[in-house]
1. Which Cα, out of SER141, HIS213, ASN115, lies furthest along the positive dipole direction of the chain (beta carbon charges, K/R +1, D/E -1)?
2. Pairs LYS58/LYS259; LYS58/LYS222; LYS58/LYS167: which are spaced more than 26 Å apart, C-alpha to C-alpha?
3. Quickly rank 32-44, 156-168 as a protection proxy: mean count of other C-beta atoms within 10 Å, highest first.
4. Restricting to the chain, compute how many DSSP beta bridges are antiparallel as a %, nearest 5.
5. Using the crude model of +1 on Lys and Arg Cβ and -1 on Asp and Glu Cβ, and no other charge, please compute the dipole size for the chain relative to its Cα centre, in debye to 20.
6. With a 10 Å Cβ neighbour count serving as the proxy for reagent exposure, in which order, fewest first, do THR174, THR64, THR190, THR69 appear?
7. Kindly rank 208-217, 124-133 from highest to lowest mean number of other beta carbons found within 10 Å of each residue.
8. Which percent of Cα-Cα pairs in the range 10-249 sits in each 5 Å bin, short to long?
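We did not get these values from a lab; they are worked out from the coordinates using the rules stated. Everything quoted here is computed from the prediction, not taken from an experiment. Cβ placement follows ideal geometry from the backbone for every residue including glycine, while neighbour counts extend to all protein chains displayed.
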Amino acid sequence: MSRMSLEGSSSIITGGASGIGESSARQLADAGSRVVIADLNEERGNAVASELGGLFVKCDVTSTEDADTAVAAASEMGPLRALVNSAGLGYAGRTVDRNNEPMDLEAFRFVINVNLIGSFNMLSRSAAAMAQTEPVDEDGSRGAIVNMASAAAFDGQIGQCAYSASKGGVVGMTLPIARDLSVLGIRVNTVAPGLIDTPIYGEGEASEQFKAHLGQSVLFPKRLGTGEELAFMVMDLITNPYMNGETIRVDGGIRMPPK
C-alpha cells in the first residue's frame, strides 16, 4: 500500500488564513491538492489562497449555507478528498466568578456553537460531497477528515470550562463519526494540540517573553509547538490509509496544571 494520493484533489481548510490551518493548507497544496481557505479573515484568506493557487471562501462554520458554498467551490477544482477542521476560538471564564456571578450562558453557548457544532457542520457537508466521488484505491478510500481538538479536552485549566467542553465534544464524536462514514470509505481522526505558537498570543517583546515562559512547562522540547509541526500530523492522518477513529495529542508531552 502507498499513502493516499492528493494529486488533482481538492481540500477544505477551515481557519486556513492563519495558524495551524494555514500551515495545513500549505502542506496540502504541496501535496498536489487545490485548497479552499474557509475563513472569516478576507484579507489574509485571499492572500493565502492566491499564493497557493486555491480559492478563498468567506465562511462562518456554523452556517450550512457557507459550508455548502465552500464544498461547492472545492468540488469545482477536483474531487474533495480532505477536510481540516481548524477554525475555532477560545473563551476564558469561570463557572462562577469572584463576585459569585454565574458564567454568561450565551458565552458558553457561543464557544460550543463554533468549536463543536461548527466542526460537525463542516464535516457532515464535506463528507456528503466526498461520498459522491470515485474511490482512489482498492480499499474504496474516498477521503479523510481531520478535526482539531486540544489538550484542554483532557486537562482543561481553570477558566476553560467552555473551551474544554467544546473540544471534549470533538474528541467524543470522532469514533462514532468514523464508524458512520466507514461504509463510504471516509476516515476521521482528531488532533489535540498542546501549546502552539499561533497569532492568538499576539506580537512583540512582551508576547515573546510570555510564550517563552509558557514553553518551560512543556516536557520536551521546552518551547511552544509550531503550526508546521501540527500540520505534519494532520498530513499523516490524511495520507496514512490505516489511520482512523483516533485522537492524537501533539503537545511535547505536556500535561496542563490547574492554572
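1. HIS213
2. Details: LYS58/LYS259 35 Å; LYS58/LYS222 36 Å; LYS58/LYS167 23 Å.
Beyond 26 Å between Cα atoms: LYS58/LYS259; LYS58/LYS222.
3. Values: 32-44: 22.1, 156-168: 20.5.
For the peptides 32-44, 156-168, the packing ranking is 32-44, 156-168.
4. Numbers: 1 of 30 bridges.
Close to 5 percent.
5. Working: 20 positive and 31 negative charges, 147 e Å.
I would put it at about 700 debye.
6. Working: THR174 22, THR64 12, THR190 28, THR69 17.
Neighbour counts put them in this order, fewest first: THR64, THR69, THR174, THR190.
7. Working: 208-217: 12.8, 124-133: 18.9.
Put in order of decreasing packing, that is 124-133, 208-217.
8. Per 5 Å bin, starting at 0, the Cα pair percentages come out as 1, 7, 14, 18, 20, 17, 11, 7, 3, 1, 0, 0, 0.
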